[in-house]
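Below: one structure, written as structure tokens.
The numbers here are math on the coordinates, done by the rules we state, and not lab data. From a predicted model like this one, the values you see are computed outputs, not experimental measurements. Every residue, glycine among them, receives a Cβ derived from its backbone with ideal geometry; neighbour counts consider all protein chains shown.
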Amino acid sequence: MHRAILSHVGDQWPTFERGGRAGCTLTVTSGADGGTGTLRQAILNASVGDTINFAAGITTINLTSGELLIDRNLTINGLARIC
């Protein structure tokens, strides 16, 4: 398995891991609505078959700039709480 840094902001290191046939695994490292390490950016960067996971400590993401557009097959792994 290979690990590479996509970019770095402060102490947040978004990474991806090259997977098998299913694609890459991208990790959300920020609970912000947009920018480096966010779910929005991970969705934009993801390719068909990629998986998006969340780093420990990312429990809430407040979407303030519109809906998330997912226009390809992705897997998003995370805990959900419906209020």
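Summary of packing: across the peptides 69-80, 25-36, 46-57, the per-residue average of other C-beta atoms within 10 Å ranks them, highest first, as 25-36, 46-57, 69-80. Our coupling estimate for the range 27-32, obtained by passing each phi through the Karplus curve with A = 6.51, B = -1.76, C = 1.60 and θ = phi - 60°, is 10, 7, 10, 9, x, 5 Hz, Gly and Pro reported as x.
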